[in-house]
1. Residues being assigned to a helix (DSSP H, G or I), within 29 Å of Glu67 (Cβ to Cβ) and either of a type outside the set (Lys, Arg) or at pLDDT below 50 (or both): count how many of those fall in region 1-47.
2. If a residue has to be of a type in the set (S, T, N, Q) and over 26 Å from Glu75 (Cα atoms) to count, how many in region 29-46 make the cut?
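The values are calculated or read from the model by the stated rules, or taken from the named source; none is laboratory data. Fair warning: this is a prediction, and the values are worked out from it, not measured in the lab. Cβ sites come from the backbone with ideal geometry, for glycine too, and all protein chains shown count toward neighbours.
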Amino acid sequence: MSASVPQGHTWTRKVKKEDEEEDPLDQLISRSGCAAAHFAVQECMAQHQDWRQCQPQVQAFKDCMSEQQAKRREELQRRKGQASAHH
């Protein structure tokens, strides 16, 4: 039975690693098209350890996300309008 314990342990670690890769926030940022801007913020923070020195990167990420949210809102409204027209 001791042979099955390491397999179980390995399987658990793999699942945990997959869960880490499936972070919902990372998925959202990746789908938004703003991953490069987010990465720039992370890189700046890692380098400077002070968000005040990373304001250009933070602003660029904020602008990107705001633009993407506006596009998504427009798309949802357009779809809602199309769905209403079909009823």
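1. 23
2. Restricting attention to region 29-46, the residues satisfying the condition of being of a type in the set (S, T, N, Q) are 30, 32, 42.
Still in the running and over 26 Å from Glu75 (Cα atoms): 42.
Qualifying residue count, region 29-46: 1.
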